[in-house]
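The next block holds one structure in the form of structure tokens; read it before the comments.
What follows is calculated from the coordinates using simple rules that are stated; it is not laboratory data. These figures come from a predicted structure and were not determined experimentally. Please note: Cβ atoms are built from the backbone with ideal geometry, for glycine as well, and neighbour counts cover all protein chains shown.
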Amino acid sequence: MNGDAAHRTTAPEVDAPVIVAGAGPTGLMLAGELRLGGAEVIVVERLTEPVTESRGLGFTARATEVFDQRGLLDHFTNPEISTKGHFGGIPMDYGVLPDGHFGVRNVEQSETEGVLARWATGLGATVLRGHEVTDVRPGDDLVEISVSTPAGDRVLRCSYLVGADGGRSSVRQAAGFDFPGHDATSEMFLADIAGADVRPRFIGERVHGGMVMAARLRDDVDRVIVCERGTAPRERTGPPTFAEVAGAWKRLTGEDIGHGEARWISSFTDASRLVTAYRRGRVLLAGDAAHIHLPAGGQGLSVGVQDAVNLGWKLAAVVTGRSEADLLDTYHRERHPVGERVLTNTRAQGLIYLGGSDVEPLRAVLGELLRDDDVARHLAGMVTGLDIRYDTGPGQHPLLGRRMPPCEVLTGSGPTTTAKLLHPARGVLLDLTDDPALRRTGERWADRVDVVTATVEDERLTGTSGLLLRPDGHIAWAAPDGGDLTAALGTWFGAGRAQETELVAHR
């Protein structure tokens, strides 16, 4: 072999197979997923210290399931699950769905980031703080990024780069992703205020001139959100002042909170944008880097975490050589429609929630419709993410492509749950009828799929003899009428051991 040929067949040298920009919930969740899949990962984060402020105060039902699938729920100090919620400020009971709830409350985003950071670094992820991406140069074999650090500028190389660096993503801009949508029409404030003793308005209260929301965080600290209709977005170099927040609150409610002490103030808008592609070659986007929207229903953090869990196992399989790179195409195909639906429902909620008196007839009609359980189930499934169904392949089984319903199973090792079976982020082939042929097929993928013989007493699985679960908890095959098992295993987990051929190097 001559020198040129040797150079062409040698994988380029990289600092890590995957670099993730952004150490928020999305980036940290992705880092943990990559490590569970055996991939080395570096996370670069602009901030020098973890955030102590919290825009988000919990997560939705599907995100709750995702955390449970990785054994993380017990790491939160005081999670409170409630079925009571709203759609655009109109109260509704999310318990109308099986396993349904509005989400977990009383968990500040700073705590979520702390839990995920300890988990990801405990699995071996490297987090470099004070590292800001300033340029991205994708190539055929690798991605080169310029990074500003406290010690000076440096260049890092990776096989794949994921931008999880928020709504103003440097990666998205530098890599040239299209980000169409709707510009902001109004600016809103949120603040954590001590000593003001604000009356709780958990799901918000429409008042003349806008909407206000308030919830007790801890001790004497209240979170307030102020949406004053007609307040045009402003170009700011810093956060709003407390005087602005207190003034808007008094105009809308007549209440004076100016004697309180602002612990943290921020602002947000109703801008709504979605990238046209979640992947451009070796650069991918996740979370707010891919989609921004009004924070109605607390969906932002949760959707980002779900992006990460959809992408993580796929990207790990590609960079470790277990799967071909075209597996990554399923990331856009599956998550882009979810992003579109989130933007649709948050824009609808914004109109219903924040509109003036002209929306009252619409609110009245929707309130009547929500008394119908089918309507309530539809909207609850949309906001929680529990109704997401991916196109995982041919088949007629009603569970195909949906999440695995959380349920208890009895295995030869004793009782467990489907969530616990997914803790290692491997595939799971559930044999529910003690079928030797099914197990023999699954054993060809035993290095990446756990074959589990079990019995399940759950009416949702009545008549089901077998299930193939992807690491993200979605069902890739089901019997009967769920397609061909061998084909499903090959599609989602690469070539089986009996038929493995040399894969093209992706690192």
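Which GluC sites (Glu not before Pro) does region 205-250 hold that lie in a coil by DSSP with at most 15 other beta carbons within 10 Å?
Sites meeting the loop and neighbour criteria: Glu235.
In order along region 160-174, the phi-based Karplus estimate (6.51 cos²θ - 1.76 cosθ + 1.60, θ = phi - 60°) of 3J(HN,Hα) comes to 9, 10, 10, x, 10, 9, x, x, 9, 2, 5, 5, 4, 5, 5 Hz; Gly and Pro are listed as x.
Counting neighbouring Cβ atoms within 10 Å and putting the fewest first, the residues Lys250, Lys314 line up as Lys250, Lys314. Placing a label point 7 Å from the Cα of Glu360 along the Cα-to-Cβ line, the residues of region 236-266 whose backbone N sits under 20 Å from it are 252-254. Each peptide among 166-175, 385-394 gets the average number of other Cβ atoms lying within 10 Å of its residues, and from highest to lowest they stand as 166-175, 385-394.
Shape summary of the chain, radius of gyration then Dmax from alpha carbon positions: 23.8, 82 Å.
Axis of helix 373-384 versus longest Cα principal axis of the chain: the two differ by about 80°, to the nearest ten degrees.
Secondary structure note: in region 353-484, about 75% of the DSSP beta bridges are antiparallel.
Summing Lys and Arg as +1 and Asp and Glu as -1 over all other residues whose Cβ lies under 11 Å from the Cβ of Gly210 gives a net charge of +1.
Working from Cα pairs under 8 Å separated by at least six residues, relative contact order for the chain is 17 percent.
Contact order normalised by length for region 356-507, with contacts defined as Cα pairs under 8 Å and 6 or more residues apart; what percent is it? So the answer I get is 23 percent.
When Phe76, Phe242 are sorted by how many other C-beta atoms sit within 10 angstrom of their C-beta, beginning with the fewest, the order is Phe242, Phe76. Close amide H contacts of Gly466 (hydrogens built in the peptide plane, cut-off under 5 Å, sequence separation of 5 or more or a different chain): Leu432, Ala479. Taking θ as phi - 60° and the Karplus parameters 6.51, -1.76 and 1.60, the scalar couplings of region 430-438 work out to 8, 9, 9, 10, 6, 9, x, 5, 4 Hz in sequence order, x denoting glycine and proline. Taking each DSSP H run with n ≥ 4 as -39500 (n - 2.57) and averaging over every residue of the chain yields -9000 deg cm²/dmol at 222 nm.
When DSSP beta bridges are limited to those with both residues in the chain, what percentage is antiparallel, rounded to the nearest 5?
Here the antiparallel bridges make up roughly 75 percent for the chain.
Rg to Rh for region 187-269: what is it, with Cα atoms only and Rh by Kirkwood? Here the Rg-to-Rh quotient is 0.93. Between the residues Thr276, Gly356, Ala39, the greatest Cα displacement towards the positive end of the dipole of the chain, with unit charges on the Cβ of Lys, Arg, Asp and Glu, is found for Thr276.
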